[in-house]
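Structure first, commentary second.
The values are calculated or read from the model by the stated rules, or taken from the named source; none is laboratory data. Not measured: the values here are computed from a predicted model. Ideal geometry is used to build each Cβ from the backbone, glycine not excepted, and the neighbour counts take in all protein chains shown. Heads up: the accessible areas ignore ligands, DNA and RNA and are worked out on the full protein's heavy atoms, side chains in. Shrake-Rupley method; radii C 1.70, N 1.55, O 1.52, S 1.80 Å.
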Amino acid sequence: MPRGKRGGRVSALEGGGEEEAPSAAAAVPSAPWAFPQPPEAAAEQVLLRGIFEIGRNSCDVVLSERTLRWRPIQPVRPAGDSNNDVLPKEEFIEVKDIFSVKLKRRYFAKQHINGTLLGITLFICLKKEQNKLKDSTLDLINLSEDHCDIWFRQFRKILAVTEYEGHALSLLKECELQGFDGIVCVGGDGSASEVAHALLLRAQRNAGMETDNILTPVRAQLPLGLIPAGSTNVLAHSLHGIPHVVTATLHIILGHLQPVDVCTFSATGKLLRFGFSAMFGFGGRTLALAEKHRWMSPNQRRDFAVIKALAQLKPEDCEISFLPFNSSQDLQQRRARGSPKSDCNDRWQMIQGQFLNVSIMAIPCLCSVAPRGLAPNTRLNNGSMALIIARNTSRPEFIKHLKRYASVKNQFNFPFVETYTVEEVKVYPRNKTGGRHPEEEDQPHETVSEESFPWNVDGDLMEAASEVHVKLHPRLISLYGGSLEEMNDSKVTCNCL
């Protein structure tokens with residue numbers, strides 16, 4: 001198929017890890033995927049065995065390398081009962097037909113996170129008559145967080161294509177992409193950002209550019225499709241206006257392309273990574289805490305990290321320099337083409353002080369806890385970034401600011417919050433305590449060293465020991481998706497944190 005035509009070849013990468021996949025279909029009461037006779041299982045290694053409610057029956061469920069089998073548990077009957085000799089029918093699905101998994105939760109009105117756990121939902125591909133494929137679901141009901149987390153992790157391990165952090169980057173370095181129309185990433189923000197970073201790095205190397213100090217990077221050569229399968233899906237949510245698997249897939253199938261701005265993050269003249277958004281201070285320390293507790297389930301880890309970071313809340317002594325956004329149409333067009341710019345009218349500004357959090361975002365950053373976006377006035381490709389600064393204040397006032405993100409009220413309407421529209425930002429921490437809190441001085445710190453500061457870049461932890469220079473590059477990558485301007489704003493009723 002010629003490049004650029006629908007139905008062309010698309011290389012797919014699926015993110016691993018412990019992220020949840022969103023629901024793509026409603027549960028069905030029956031089990032149409034069960035076959036009369038299951039394949040021989042004598043030689044299969046049993047991975048897990050447990051009790052779940054399936055349909056209306058409590059079942060003994062066995063997960064092996066190739067199949068998931070279940071049989072209703074018979075009640076104990078009196079001796080001599082003729083039904084004792086009748087075994088309930090065993091049903092099964094093949095593991096190769098499972099294409100996604102999520103933790104099933106019940107959400108009440110105005111509740112968007114931390115719903116009551118009900119169990120696990122498996123998404124299954126069924127083969128019907130005449131080679132037709134159909135998707136369905138199987139619900140494994142169990143209210144135990146620990147029990148479900150063990151099974152959820154095992155299913156994610158089976159489904160994962162990338163096996164460790166940085167695996168997608170190494171795959172794209174070696175993969176032959178000639179003849180492909182695009183790359184598709186199934187995963188959360190970490191996986192999506194890693195693939196975007198890899199595509200842009202490969203574009204620089206193909207253009208013969210040094211990747212240590214990139215002043216004007218070249219565009220990615222292939223577009224990237226994001227199918228949301230994570231716990232937050234900020235990138236996909238910002239791109240499509242909704243974290244919906246079918247919507248994302250149809251944009252890819254139909255070839256809808258959207259150019260998107262990308263940032264470079266550099267320190268001491270060396271490129272650290274490409275990215276779309278970043279947080280320093282509270283946001284960075286929260287992620288660093290979460291990374292130290294990856295043995296927890298994703299929701300537990302996130303909640304624990306937020307609560308602990310709030311309990312240890314402290315400001316960073318920083319100097320922040322930024323270049324205000326110049327909205328001149330001619331200037332922006334020249335920058336989009338990569339033309340040299342004149343800085344005669346560009347004036348750097350500088351602020352300094354004690355800051356609780358610094359956010360730098362080139363996209364709106366929509367997510368379940370911020371349905372209007374962490375940076376609601378930013379767009380995907382308007383050539384600017386949002387710089388949002390929370391100066392030092394009391395813990396209750398800072399929490400009020402955080403809770404506003406989940407409501408229709410203006411989250412920036414606080415005397416300690418400042419917002420700027422910028423093109424470049426330099427963040428220089430003046431204290432030398434790194435990301436450590438005084439209470440942790442005598443404790444081993446596995447994630448962030450004493451000399452470095454934690455940054456949250458697209459949900460990934462980045463460490464930097466000195467000034468970080470963030471620069472926007474307009475329309476540097478194309479993503480499969482629609483325009484947010486074409487989507488209707490929905491009323492926000494969420495009231496959560």
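If we scan segment 142-156, do we find a residue that is open to solvent by 30 Å² or more (accessible area, probe 1.4 Å), in contact with a helix residue (DSSP H, G or I) (Cβ under 6 Å, 6 or more places away or on another chain), at pLDDT 80 or above and assigned to a loop (DSSP other than H, G, I, E, B)? There is at least one residue in segment 142-156 that is open to solvent by 30 Å² or more (accessible area, probe 1.4 Å), in contact with a helix residue (DSSP H, G or I) (Cβ under 6 Å, 6 or more places away or on another chain), at pLDDT 80 or above and assigned to a loop (DSSP other than H, G, I, E, B).
If the condition is being in contact (Cβ under 8 Å) with a residue 40 or more places away in the chain and in a strand (DSSP E or B), then segment 371-417 contributes MET385, LEU387, ILE389, ALA390, ARG391.
If you go through segment 310-324 and keep only what is closer than 21 Å to PHE398 by Cα and open to solvent by 10 Å² or more (accessible area, probe 1.4 Å), you end up with LEU310, ALA311, GLN312, LEU313, LYS314, PRO315, ASP317, GLU319.
So, in segment 209-256, exactly how many residues are in contact with a strand residue (DSSP E or B) (Cβ under 6 Å, 6 or more places away or on another chain) and over 27 Å from LEU374 (Cα atoms)? Result for segment 209-256: 4.
All conditions but one from (1) open to solvent by 50 Å² or more (accessible area, probe 1.4 Å); (2) within 30 Å of GLU194 (Cα to Cα); (3) of a type outside the set (A, V, I, L, M, F, W, C); (4) modelled with pLDDT of 85 or more apply to THR116; the one that does not is (2).
Residues in segment 392-402 that are buried (at least 17 other Cβ atoms within 10 Å of the Cβ) and not β-branched (Val, Ile, Thr) were compared, and the one that is nearest to GLY275 (Cα to Cα) is LEU402. Residues satisfying the criterion are present in segment 278-291 (criterion: open to solvent by 20 Å² or more (accessible area, probe 1.4 Å), modelled with pLDDT under 90 and farther than 15 Å from PRO429 by Cα). Going by what's in this entry, would ARG66 be described as touching a strand residue (DSSP E or B) at 6+ places or on another chain (Cβ under 7 Å) and at pLDDT 85 or above? Criteria met by ARG66.
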